[in-house]
Each structure stands twice: as structure tokens, then as C-alpha cells.
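FYI, it's all coordinate maths here, none of it is from the lab. Worth saying up front: this structure is predicted, and the values here are computed from it rather than measured. Glycine also receives a Cβ, built like all others from the backbone with ideal geometry; neighbour counts cover every protein chain displayed.
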Amino acid sequence: MILSWLRRGLRTGVLTTRYPVAREEMPREFRGRPALDAERCLAGQGCDRCVQACLPVALSLATVTSSGRDKSAHTAPQLTLDYGRCIMCGLCVAACPADALRMVGDYELASTASDDLRVSAVFTQEADASGRDYEEKNNGRYA
Amino acid sequence: MIDSSALQSRLVFACGEQLLNAEQCAEGEVVIDVAPDALPQVVQTLRREFRAIFVDLFGLDLRPEKQGFRLTLVFSLDEEENWLYVHADLDADAPQFSSLVEALPAADWYERAVWEELGVTPREHPLLAGLRLAPDWPEGVYPQRHTFRWQQQVQGVEPHYFELAPAPAGIVDYPLGPVRSGVVESGHYLLRTAGEELVDMRLQLFYKHRGIEKRAEGVALEHLPLIAERISGTSAFAHSLALCQALERAAAVGVPPRARFLRTLLAELERLYNHLGFQADLCQATGLAVAQAQFDILKERGLRLNARLAGHRYLFGMNVPGGLSRDFDEQALQAVRELVTVLRRDMETLSRLLLASASHRDRLEGTGILKPEDAQAYCAVGPIGRASGVDRDLRRDHPYAAYAEVDFAVPVLETGDAMARTQIRLDETMQSLHIITQILGSLPGGAVYVPLEQLPAGKAALGWAESPRGECLHWLLVGEDGTLRRYRVRTASFANWQAFSLAIPGHNILTDFPVIEQSFGLSFAGADC
């Protein structure tokens, strides 16, 4: 009987993948992390639909003080997406009226600092030199 | 399903004046009211005259609208294809009832949970102690009372741990867990041995209590499946299905036929990867390394197909109240067909090899016997119950989704040993493949989702599903604003863990324990929502 198992095992060969040396491709439908496209986001215009749709409060809106080009301080809405709280359910994507959120295949979210898992965008209401009316904050991993 | 008015008159006749009221509360559901002190007698009558199977016991705080508490027992009347609720209204100041443990041993843990979480006392309970809450939980704080909110901070007190009397001379206590190697969840066993023989075991579970029932109160309808899916990840689809079916019954909405068929398909895919993983784990326990790898390969194929279909390897996010969140195209269905072909071919070979492997069989035969009378007394469910002569399967006895429209067999064995539990799962795997083939051959077209209106206030509903580990029940009561006022979950593992302890002492040696544990294949988180 041991021989039968041995034969079976040898015939199967090696199926172990080369991850993490080689990337493991996920199917198109796979829900990794949600990615935020601040350019499309309407949080600056008072939209909070994704925040309402988020059960674990991974998405949150806050009001922050930012200094504009004239150096005067004024308040601006800040949308924060915390991958440490996200459960990848995709309900925010369905709720977004502007297609600013979409699920991407990226599932490699391990990090040694919880701050690294937060991305946010501050909507300054006025365009800077490059024409952008928002400032993105993240550690560069989630471009 | 039999006419419920005939059932009501039989109930009135059998229970006599102990019955305060009997009525039909929904299609296939009958409710009777009894006085709390008459409960033990009524339960005995129901079990004797109606062969009623106990499935759940829970309490409900009726305040502030009404006074006092309501104790609800749920029974399954399989022959009549009906659910029977027994209600007993309890006093607000000193809520109590006569313990049912003597007449119904399975009620033990349920009564302890009611006592601990609602503050309702089962009189003459043989061992009234905390069950699921943390050891430092303060006395007199009852999470199931209407004044308690899930956001509430609870100040811990000096923890009280259960201490076993020291082992007598010649007896050795062997602690196992709660932290163990691999990806096993937390659970602590204290194995008491005399030489090699296992003479007793004390079980400490409930390290994973998350208060899910409480968390679901007041949550928006579309968020509820997210909560149900997290009761036990490996039964996520069955749990969200039971919840969605309860919501759909409350709203009196029928889901489109295509959604019913696809739900059946996905439920069987969940059973497949669970049963394949079960065989792999059991082979690991018996040291059959190649067989373990072979079953794990098949399980991984199942999980990858799930990711392709649902976008999630464990089928999260598929069920929504009113149907499914997405439809499948022909390509996706073709991928299912291909996997079924592979599994059918491989399972035949692997089953044959496995059953012919003497080293594997030797470890399983006569090991961890759960006697049919114990399985019945503790109302064991699922493959564990079916391996010990409990001929029940919700898919056949209370058909849901599209199970009434497919043909399948329910394997039942009487021996109750680890071998029987393995054999049942091997047979069920083949039956699942048979069901999936039929579904793929007769899949109707059309929509997979129908929106639900706001739920009617005060409406109660039951949803159920046969998860890979056995029956799970979700009962809910709708509050004023269309959200849930009370959510009750009875998982398969909660029912089976009580029976697990009975399979240990008497005929096993210490090294049998990993095999027995794997052969039950119970979920820790599943028992502890």
C-alpha cells in the first residue's frame, strides 16, 4: 500500500508554487484591497456614501486644517482609508457614485506599523500648481 | 409538510392543560405557550409522542415594551417537516424555570448560556457556571438584556477560573492547549490519563467569544451577511445563507430560481473543500503524508475555484438578503464542471487507497466511539450525528434553496467511531459532486437578486442551512426601525462539542486523542459566536 501512495505522490510531481519569489496571480474577480482614486473622489463636495457603507469603520471622514497658497489656514475634509480595519467586502466600491474606489488584486498587506496601513486624501478646495485640488498621504506603498 | 392545524390539535391533545396556547406563526412553524414549571413535562411529551428533536434554547428580554423574559425552545419535527417553538414567559423580577437537563441532557450548555448572558436561572441545574463570557466578566452584567449595548465598556473583575481537584496518585493530568502548533484555533483540553488510557477529559473552549449576536442588533440589512460570515470562516456561506433565508422569510420574499440553484451549488462547493480538508487533516493525524498532500491539493483546487467564482476563497460576500451579489457566466460554470470531473476521478482513487491503507484504518476503527444513544441524548448534528445513527439532514428534512429539486442520498452509519465519521464524509463528498452535476444540468436563467422591502416590525423568522459541520439555525426578531432587535445563532459545532466529551473516556489511549479530535473536525470559533 505504501508503494501505491508513493507512486501516486511521484506521479503528481511538485505543485508547490514559487511564491513569494514569483508573484501569485489572482483571478480577475478576486477582492484584494480597495484602492482610492482621490482625483475622482467627491468627498470635497460633501459626499460620504462610502463612509456610510463601511461597517468596520475602515473609511472615515475628518475635518483638518490646511494652509492654502495664501498661507491662511482653512478647514478641509480628509478621507482616510485604513487597511488595518478593512475587511475587503467591497460595499464601498458599490456605494461610490464616482468610481473613485475599486477593488484591486493586491492582497499583500502585512506591515510592521499600523500607520503604514492608512492612506488619506485632504481635499483642499483649491488647485495647486499641477492643478490638483487634493493632497494624498500614504507611505508610497499604495500608489 | 403536514397541515399545521392537524399538528396543533395533536399538540393540544398530547399536552392537555399544560398547553396555554397553540398557533401557527409562519409556514411550517408552530408555536406553543406553556407555563415555565410545566416545561420538563412538556419536553418529555414532545420527545415521546412527536419524536421532536431539540435544536435550540435561548432567552429574549421582552422589556421595555412588555414585562419579563421569554424562554424559547426550538424543536424540529422532521416527519411533519415543521419547526416547533415552545415559549415560556418568565417573571421580570426573579426570572427562572425548572432545568431541563435531566429530561434533555443536550440543554446543559444552552441553559448555562441563558443564565450567564440573560440572568435567567435554570433551577436545579447540576453545574451552573459561566460558559462563554471571559473569566473576568463581572457578575450581574448581562449582555442579552435590552439595556446592554455592544459599544459598552465592561470593567473586568478578579478572574475566576475553574480548578479541577488534583489528580489522585497514579493518575496524570496532561494539559493540551490553548496555544498549539499549526493553525489550530485556541482550545484547552485537560486530558486525564491512567497509564496510557484516557479516563477523563475537561474541555475549556470559548476563547473566541465575539458577541456576534449582540453586534448584529441595529445593523443595516445589507451589513448583516458580513457579520454572519464571520461566525466561522469555513462555514461562511452556510451561515450567511441561513441568515439571508431568515431575512427573506421575515420579508415574505421568494428569491429567483437561479439564485436558489446557485446558492445550492455554492453551498456544496463549501462542503467539498471542507470535507477534502477534513481528510487531509485526518491523514496528517495518522501520519499518512502523501495522502494528506493529495487531499490538500484537491482542497486548494476548490478554494481557487471559489476565488474565481466569488472573488473570495471562502465564499464571503456572495449571499445578500434577496439573492446573490453576482451572477456567473458560462465560463465560470465551465470551471466548476472541470473541477467536478477532476474530483470525481481523483476521489474514487484516493478513497480506494485510503480505505485499503491498514495504518490509517487501524488508527480509526473503534477509536473515539460516540454511541448512538449518546448522540441522540446530546442531539448531535451533521456528519458526527450521521456517523452515530442520527438520520437527519436539513437539506432533506427541511429542504431550502434548490435541495427539493435535486436527488441525493444521506449516508448514515451506526458504529460512531472515527472510521464512521471518515466514511460519512467520503460518501458526502461524492453526493456533493452528484448534486453539483444536477444543478449545472438544470440551471434556470433570469435574475439572481430581488430587493427586500423594509422588514415589518415585530416579525420573527427562522433561517436554516446544513453547513459542512451540520445544521445551523439563525433566528431573528425585527425591531421598530427595520433592523434586528434580537439575533440568535445556533451553530453545528456548539451542538457537537458537548457530545465530543463523551467519545473520549473508557476505550482510548492518549495517542488516540489527535485522531479523535480530527475525526470530529469541530470548529472552535463556530461554537463561540
Legend entry - Per-pair calculated FRET efficiency, R0 = 56 Å: B:PHE162 and A:ARG11 via Cβ, rounded to 0.05: 0.60
Inset, instruction - Run the dipole for region A:26-137 about the Cα centre, Lys and Arg Cβ at +1, Asp and Glu Cβ at -1, nothing else charged, and hand back the magnitude in debye, nearest 20. - result: 220 debye
Inset, instruction - Tell me, for chain A, which Cys residues have no other cysteine's C-beta sitting closer than 4.7 Å. - result: A:CYS41, A:CYS47, A:CYS54, A:CYS86, A:CYS89, A:CYS96
Legend entry - the protein assembly as shown - share of DSSP beta bridges that are antiparallel (%, nearest 5): 90 percent
Legend entry - Shielding of A:80-87 by partner chains, average beta-carbon count, 10 Å: 1
Inset, instruction - Mean Kyte-Doolittle of at least -0.5 plus a Cα span of 18 Å or more along the axis: flag which DSSP H helices in chain B meet both, please. - result: B:236-250, B:257-286, B:289-310, B:330-356, B:418-441
Inset, instruction - Shielding by partners for B:306-318, please: the mean number of other protein chain Cβ atoms within 10 Å of each residue's Cβ. - result: 4
Legend entry - For region B:4-123, Kirkwood radius (reciprocal of mean inverse C-alpha pair distance, Å): 14.4 Å
Inset, instruction - Set Lys and Arg Cβ to +1 and Asp and Glu Cβ to -1, take the dipole of region B:4-123 about its Cα centre, and tell me which of B:THR72, B:GLY16, B:LEU62 lies farthest positive. - result: B:GLY16
Inset, instruction - Run the numbers on region B:4-123 and let me know its relative contact order in percent, using alpha-carbon pairs under 8 Å that are six or more apart. - result: 22 percent
Inset, instruction - Run the quick spin-label model on A:SER111 and B:ARG361: label points 7 Å from Cα toward the beta carbon, then report their separation in nm to one decimal. - result: 5.6 nm
Inset, instruction - Identify all lysines with a Cα-Cα distance to B:LYS66 below 25 Å; exclude those on the same chain that are fewer than 8 residues away in sequence. - result: B:LYS214, B:LYS459
Inset, instruction - Report Rg(Cα)/(2.2 N^0.38 Å) for chain B, keeping two decimals. - result: 0.96
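What's the magnitude of the charge dipole for chain B around its Cα centre, counting Lys and Arg as +1 and Asp and Glu as -1 at the beta-carbon? Answer in Debye, nearest 20. Walk me through the intermediate numbers first.
Values: 50 positive and 70 negative charges, 278 e Å.
I would put it at about 1340 debye.
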Legend entry - Proximal charge balance of B:GLU27 [Cβ under 15 Å; K/R count +1, D/E count -1]: -4
Inset, instruction - Measure out, as a whole number of angstrom, how far apart the alpha-carbon centroids of region B:362-406 and region B:12-36 sit. - result: 28 Å
Inset, instruction - Please find the FRET efficiency linking A:ALA98 to A:HIS74, where r is the Cβ-Cβ separation and R0 is fixed at 22 Å, and quote it to the nearest 0.05. - result: 0.40
Inset, instruction - Using only alpha carbon pairs under 8 Å that are at least six residues apart, calculate the relative contact order of region A:26-137 and give it in whole percent. - result: 34 percent
Legend entry - For B:324-334, mean number of other protein chain Cβ atoms within 10 Å: 1
Legend entry - Phi to ³J(HN,Hα) by Karplus 6.51 cos²θ - 1.76 cosθ + 1.60 over region B:125-130, Hz, x for Gly, Pro: 5, x, 8, 8, 9, x
Legend entry - Ranked by how many other beta carbons lie within 10 Å on average, peptides B:373-386, B:141-154 from highest: B:373-386, B:141-154
Inset, instruction - Could you tell me which of B:VAL406, B:VAL336, B:GLY177 has its Cα farthest along the dipole of chain B towards the positive end, charges placed at Cβ (Lys, Arg +1; Asp, Glu -1), taken about the Cα centre? - result: B:VAL336
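For chain B, what relative contact order do you get, as a whole percent, if you take Cα pairs closer than 8 Å and at least 6 residues apart?
Dividing the mean separation by the residue count of chain B yields 16 percent.
By how many nm would the segment from B:LEU62 to B:ALA129 grow when fully extended, if each residue of separation counts as 0.36 nm and the alpha-carbon distance is taken off?
21.7 nm
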Inset, instruction - Determine which lysines satisfy two conditions relative to A:LYS137: a Cα distance under 21 Å, and not lying fewer than 8 residues away in the same chain. - result: A:LYS71
Inset, instruction - For region B:4-123, give the share of DSSP beta bridges that are antiparallel, in percent and rounded to the nearest 5; count only bridges with both residues there. - result: 75 percent
